[in-house]
Amino acid sequence: DNLAITDIGKLIERFYEYCSMPYDCVSDMMARSLIIEIYAHIVEYWKQKGINPIGEPKSTLLTSVQKYVEENYASELSAGEVAQHFNVSYSALAEVMRELKCGGFIKYLNRVRTENAKKLLATTDKSVTEIGFECGFSVTSYFIKVFHSFTNMTPNQYRKYIVLTDRY
């Protein structure tokens, strides 16, 4: 860690030396080549740290975000935390979510949570409150409101509908 940072620091010192020299083609070329070398060292350092400095292609990022949300929907998630997890800006995440045509991160997260709640409502006898908590909703009334927004039914109405129609 410190060795890589020290190497980068030495390269920067050499760069400043060339920049402080009277201008000539050689010092200019040396300064430019040092910039490239500094950049290469920084990229290599980031790779060693597991950071993707270039960023993932949008399609890969989209797939990664979907998978991450599907695996972590029960946790407290925010768009900012997910963006930070994938080393992208909040606006880059928002752009990816627009490509999903899902209405934004929170709406996508709530859709994933609702789909999982539907499975639990259909396959368990757990209470609406328990299912809401298991699916990442910390407030039952908010869970019911979100569930209704996606299904046009409350969780209890959905459970009765599934039982009556034997759909699951």
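The values are calculated or read from the model by the stated rules, or taken from the named source; none is laboratory data. Owing to the predicted nature of the structure, the values given are computational and were not obtained by experimental measurement. Here the Cβ positions follow ideal geometry from the backbone for every residue, glycine too, while neighbour counts run over all protein chains shown. Areas reflect the complete protein model, heavy atoms only, side chains present, ligands, DNA and RNA absent. Shrake-Rupley method; radii C 1.70, N 1.55, O 1.52, S 1.80 Å.
Of all residues being in contact (Cβ under 8 Å) with a residue 40 or more places away in the chain and not hydroxyl-bearing (S, T, Y) in the range 67-90, which is most open to solvent (accessible area, probe 1.4 Å)? Just the residue, please.
In this case the residue turns out to be E76.
The rows are residues; the columns are (1) surrounded by fewer than 17 Cβ atoms within 10 Å (Cβ to Cβ); (2) under 12 Å from the mean Cα position of the chain (by Cα); (3) at pLDDT 95 or above.
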position: L61; (1), (2), (3): no, yes, no
position: A92; (1), (2), (3): yes, yes, no
position: G104; (1), (2), (3): yes, no, no
position: I131; (1), (2), (3): no, no, yes
position: K145; (1), (2), (3): yes, no, yes
position: D166; (1), (2), (3): yes, no, no
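Restricting to the range 114-129, and then to whatever is within 24 Å of the chain's Cα centre (by Cα) and open to solvent by less than 20 Å² (accessible area, probe 1.4 Å), can you tell me which residue is farthest from Q66 (Cα to Cα)?
Residue satisfying both the conditions and the ranking: A117.
So is T140 out of contact with any helix residue (DSSP H, G or I) (no Cβ under 6 Å at 6 or more places or on another chain), among the hydroxyl-bearing types (S, T, Y) and surrounded by fewer than 17 Cβ atoms within 10 Å (Cβ to Cβ) or not?
Details: out of contact with any helix residue (DSSP H, G or I) (no Cβ under 6 Å at 6 or more places or on another chain): no; among the hydroxyl-bearing types (S, T, Y): yes; surrounded by fewer than 17 Cβ atoms within 10 Å (Cβ to Cβ): yes.
Considered against the rule, which asks whether it is out of contact with any helix residue (DSSP H, G or I) (no Cβ under 6 Å at 6 or more places or on another chain), among the hydroxyl-bearing types (S, T, Y) and surrounded by fewer than 17 Cβ atoms within 10 Å (Cβ to Cβ), T140 comes out as no.
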